[in-house]
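Worksheet for the structure shown next.
Taken together, the values in this text are just the output of simple stated rules run on the coordinates, not laboratory data. A quick note: this is a predicted structure, and the numbers were derived from the prediction, not measured. Please note: Cβ atoms are built from the backbone with ideal geometry, for glycine as well, and neighbour counts cover all protein chains shown.
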Amino acid sequence: MPGSAEASGDEQRRRGVRVVGDFYRALQAKDIDAFGRLWTADAVYRIPVTPDGVPGEFAGRDTIVAGLGQFFGFFGETRLTWDAEPMGDPNKTLATWTLEIDMLAGGTYRNRGVALFRLEGERIAEFTEHVDTAAFLGIFSAKAATARRFFALLHDKDIDAWGELWHESGVITMPYAPEGFPSLIEGKDKIVAAYRDLFPAYETFDTELTGVLPAVGSDAVSVEYRVRAKLADGAEYSNDHVAVLRFEDGLISAYHDYFDPRRFQDVIDALGDPAAGTD
């Protein structure tokens, strides 16, 4: 009956508005479980215009949830406003939104956009979103900002604040560590203790970051840098490094550092064994 079909269509439109509201509330709360429950198993998430290197499509609920969960690790307080409008097709709902996020690495990310939802029953089957792509790059810059702060705090020799950048299960790997310094340090507490013991060797510690390169599609940031330092005994120290930082929950979970161990040996020799208590 036409009347029943119209009523059914109106109910689906109301359902679409409710699902859109649930979608943005889950984003605002960073509730990845609630977010995941909104999708069909074979859902598709599309962003037709993206920055270079950023995927424009995610297929499957698990892939969508994993992709967004990676971003949640960099978000502090999240503020969203949205407006949902049913379409002529009862299974489609149009939303416009504005977003403001306090990034854990510092700074605020702002964006706005428009999204089209297509539902199957009460689940999102297709999602297409247009955003300000230049602003979107701010999310990727959060990891780079943490990397820069990592070295700025070492310059300041503020090991307490530097330690707060680390995940509790963080790991430092130095494949070519000199004698007297471990090639592997596991756990935030041991990492901070090792660096507290190490940094009295430096009167000054300066770094020149020649490349800070966030990876797209992973949680890694590659950093090329030069160290120029004056040791406590008055000697000059310099070295060239390539490091890879990885993140978990917005904090550094792994740090791989490659450098000339023969030069770093001078620091260790001046200090003794700074990491003897880390084994």
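A compact table of results
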| read-out | value |
| --- | --- |
| Quotient of C-alpha Rg and 2.2 N^0.38 Å, computed over region 160-279 | 1.04 |
| Per-residue [θ]222 nm for the chain (sum of -39500 (n - 2.57) over DSSP H runs n ≥ 4, rounded to 500) | -11000 deg cm²/dmol |
| Enclosed volume per residue, in Å³, of the convex hull spanned by Cα atoms of the chain | 121 Å³ |
| Rounded to whole Hz, the Karplus (6.51, -1.76, 1.60) HN-Hα couplings of region 121-131, x for glycine and proline | x, 10, 10, 7, 9, 9, 9, 10, 9, 10, 10 |
| In range of the label at A161: residues from region 70-103 whose backbone nitrogen is under 19 Å from the point 7 Å along Cα→Cβ | 103 |
| Length released on extending from R112 to T78, taking residue separation times 0.36 nm less the Cα-Cα span | 10.9 nm |
| Separation of the A34 and L94 label points, Cα + 7 Å toward Cβ, nm | 2.7 nm |
| W39 long-range amide H proximity, modeled H, under 5 Å | I124 |
| Förster radius 41 Å - calculated FRET efficiency between E248 and T128, Cβ distance, rounded to 0.05 | 0.85 |
| 5 angstrom amide H check on S253, placed H, neighbours 5+ away | H167, R246, F247, E248 |
| Long-range amide H partners of A220 with built H, under 5 Å | A215 |
| Pairwise label distance in nanometres, A135 with R196, each label 7 Å out on the Cα-Cβ vector | 4.3 nm |
| Förster radius 35 Å - calculated FRET efficiency between E168 and R14 (Cβ-Cβ, nearest 0.05) | 0.20 |
| 0 to 90° range, to nearest 10: angle between helix 261-271 axis and the chain longest Cα axis | 70 degrees |
